[in-house]
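Participant: Quick one: this structure, given as structure tokens, is what I'll be asking you about.
The values are calculated or read from the model by the stated rules, or taken from the named source; none is laboratory data. None of the values given here were measured: they were computed from a predicted structure. Here the Cβ positions follow ideal geometry from the backbone for every residue, glycine too, while neighbour counts run over all protein chains shown. All accessible areas refer to the heavy atoms of the entire protein, side chains included, with ligands and DNA or RNA removed. Shrake-Rupley method; radii C 1.70, N 1.55, O 1.52, S 1.80 Å.
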Amino acid sequence: MAAIKAQRKKDQKIDAQLEHQRLESLVNSMADGVIAIDKKGNIELYNGAALNILDINAIKKGDPVEKILKLTNNKKEPLDTKSIVLSPKTQTISRDYKIIYSDTSMASIYLSISPVHLGYGKKGDSGYVLIIRDITREKSLEEERDEFISVISHELRTPIAITEGSIGNALYLAEKNGDIDTIIPALKNAHDQAIFLEDLINDLSTLSRAERGIFERNIENVNVHKFMESLQEIYEKDAKEKSLQLHIDIDPSLELIKTVKLYMKEIMQNLITNAIKYTEKGSVAISAQKLRDGVKFSVSDTGIGISKGDQSRVFDKFFRSEDYHTRQQNGTGLGLYVTRKLAELANAEITVESELNKGSTFTIYFPNLDK
Ligand code: ADP
């Protein structure tokens, strides 16, 4: 009888051990970091993902939680981790905490804190289970989206206010049988702003297509001579209106290039529009040269130039130089960002050289693409 009892006890112990191992491997296989602490905030259990997320090699059982989990706020100010994790009476979830790594980089984390009866150690011990997830990428996408909405609404507000004001003014003058010569400038102003809005919306839709990569890479043979002629036709008038000379130079040996014509056109149009926009006097020169098995285009201007510091940022989304001359021109800061995206899609390489108050040269190399 005693032998059977002893055997049963032994079996129960093995069952409990198996159950424990099963739970342990379940917790260890989780992608989220799991840390269980007792009611004083000392660590009882953790999994491998917790080590990864916190970027530490080991956690000692019994260590205080604040030794390994150093929560900070958005401004990198340290928070009182211990009181944060020991205070909830029910499960609480936050997506606002950050942690700082030893190399000073910062990660955004999801932190769930659940008060529990731990059920190990002394029976009925209570404590907390923390679940930690790295949400840096999600957060930065959210932040980018918020910034995007705020910039777009800001960009839209000014032209819409001007359009509304100008049309209101024209209406008032028309009702008062005002002179047509005073009505026309108000309408022209409204028209200009409507064009700006159209440009902005075009930039945004090109951007969204480029970002989702849904542009069809329609590779075709492009006659470089004809392509340059078409650019000259489009921009001659704009250059003339600002009394700028437009020089076109093409390597006679150039013939056909196999590329995505749509991207090449969009890219060159963005570069030439900028060259004319940011140049008050002098010239804009567009050249096409044969290079390796492709074409190297360059767009040079004698305009306001770009400072060394800004040159590395001109292809960033929404970047516009703080420079006073830049701010005199309308712009969304999206043109060169879209340009770079399209260049990547066409395997093209783009570079910029510039000197403040002297001018800028954007160079782009399009390789021949196989169909
Ligand atoms: P924007 O709509 O402001 O022109 P872009 O993305 O086309 O946006 O250009 C980003 C910024 O790069 C501009 O705001 C300007 O500061 C700078 N930039 C671009 N092209 C030129 C140029 N040819 N000359 C001087 N600055 C330029």
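Participant: Per-residue HN-Hα couplings for the stretch 200-210, Karplus 6.51 cos²θ - 1.76 cosθ + 1.60 at θ = phi - 60°, whole Hz, x for Gly and Pro?
Facilitator: Values per residue, Gly and Pro as x: 4, 5, 4, 4, 5, 6, 4, 4, 5, 5, 5 Hz.
Participant: Would you work out what percent of the accessible area of the stretch 106-208, with all protein chains in place, is carbon or sulfur (probe 1.4 Å)?
Facilitator: About 58 percent, which is the carbon plus sulfur part of the accessible surface.
Participant: Each label point is 7 Å from the Cα along the Cα-to-Cβ direction; what then is the distance between the points at residue 12 and residue 209, in nm?
Facilitator: With each label placed 7 Å out from Cα toward Cβ, I get 7.3 nm.
Participant: A further question follows. Past 32 Å, Cα to Cα, is the threshold; run 188/226; 176/281; 188/281 against it and keep the listed order.
Facilitator: Result: 188/226; 176/281 exceed 32 Å.
Participant: If you count only protein heavy atoms with a 1.4 Å probe, what accessible area per residue comes out for the stretch 11-124, rounded to a whole Å²?
Facilitator: 63
Participant: In addition: Compute the accessible area per residue over the stretch 215-371, keeping the other protein chains in place, probe 1.4 Å, unit Å².
Facilitator: Computed with neighbouring chains in place, this is 52 Å² per residue.
Participant: So what's the angle, to the nearest 10 degrees on a 0 to 90 scale, between helix 224-241 and the longest Cα principal axis of the chain?
Facilitator: Helix 224-241 and the main axis of the chain meet at about 80 degrees.
Participant: Another question about this same structure. Using the Karplus curve 6.51 cos²θ - 1.76 cosθ + 1.60 with θ = phi - 60°, work out ³J(HN,Hα) for each residue of the stretch 276-284 in order, rounded to whole Hz, and write x for Gly and Pro.
Facilitator: 6, 4, 9, 10, 9, 8, x, 8, 10
Participant: Taking the Cα atoms only, what angle lies between the long axis of helix 335-345 and the longest principal axis of the chain, rounded to 10 degrees?
Facilitator: 70
Participant: Round to a whole angstrom and tell me the spacing of the C-alpha centers of the stretch 217-244 and the stretch 287-319.
Facilitator: The stretch 217-244 and the stretch 287-319 have Cα centres spaced 17 Å from each other.
Participant: Tell me, what ³J(HN,Hα) does each residue in the stretch 47-62 have, in order and in whole Hz, if you take phi through Karplus 6.51 cos²θ - 1.76 cosθ + 1.60 with θ = phi - 60° and put x for Gly and Pro?
Facilitator: Taking θ as phi minus 60°, the curve returns 10, x, 5, 5, 4, 4, 5, 7, 6, 10, 7, 8, 10, 9, 4, x Hz for the stretch 47-62.
Participant: Add -39500 (n - 2.57) for each DSSP H run of 4 or more in the chain, then divide by its residues: what number comes out at 222 nm, to the nearest 500 deg cm²/dmol?
Facilitator: After summing the helix terms and dividing by residue count, I get -15000 deg cm²/dmol.
Participant: Show the residues, 5+ positions off or on another chain, whose built amide H is closer than 5 Å to the amide H of residue 250.
Facilitator: Excluding prolines and chain starts, which carry no amide H, the hits are 288.
Participant: Quick one: how many Å² of residue 143 are accessible to a 1.4 Å probe, rounded to 10?
Facilitator: 100
Participant: Hey, what did the stretch 261-371 get for relative contact order, percent, Cα under 8 Å, at least 6 apart?
Facilitator: Over the stretch 261-371, the number comes to 32 percent.
Participant: Angle, helix 136-175 long axis vs. longest principal axis of the chain, Cα atoms, 0 to 90°, nearest 10?
Facilitator: The angle comes out at about 40 degrees.
Participant: Continuing with the same structure: Please compute, for the alpha-carbon atoms of the chain, the extent along each of the three principal axes and give them in descending order in Å.
Facilitator: Computed over the chain, the largest-to-smallest principal extents equal 110, 63, 35 Å.
Participant: For 55, 203, give me the order by solvent-accessible area with a 1.4 Å probe, most accessible first, ignoring ligands, DNA and RNA.
Facilitator: Ranked list, largest accessible area first: 55, 203.
Participant: Cα centroid distance between the stretch 345-371 and the stretch 61-113, in Å?
Facilitator: Value for the Cα centre distance between the two parts: 46 Å.
Participant: Further question on the same structure: Report the label-to-label distance for residue 125 and residue 194 in nanometres (one decimal), using points 7 Å from each Cα along the Cα→Cβ vector.
Facilitator: 7.5
Participant: Also: Determine the relative contact order of the chain: mean sequence separation of Cα pairs under 8 Å and six or more apart, normalised by residue count, in whole percent.
Facilitator: Computed value for the chain: 10 percent relative contact order.
Participant: Going highest first, how would you order 266-276, 106-116 by mean Cβ packing within 10 Å?
Facilitator: In descending order of packing, they fall as 266-276, 106-116.
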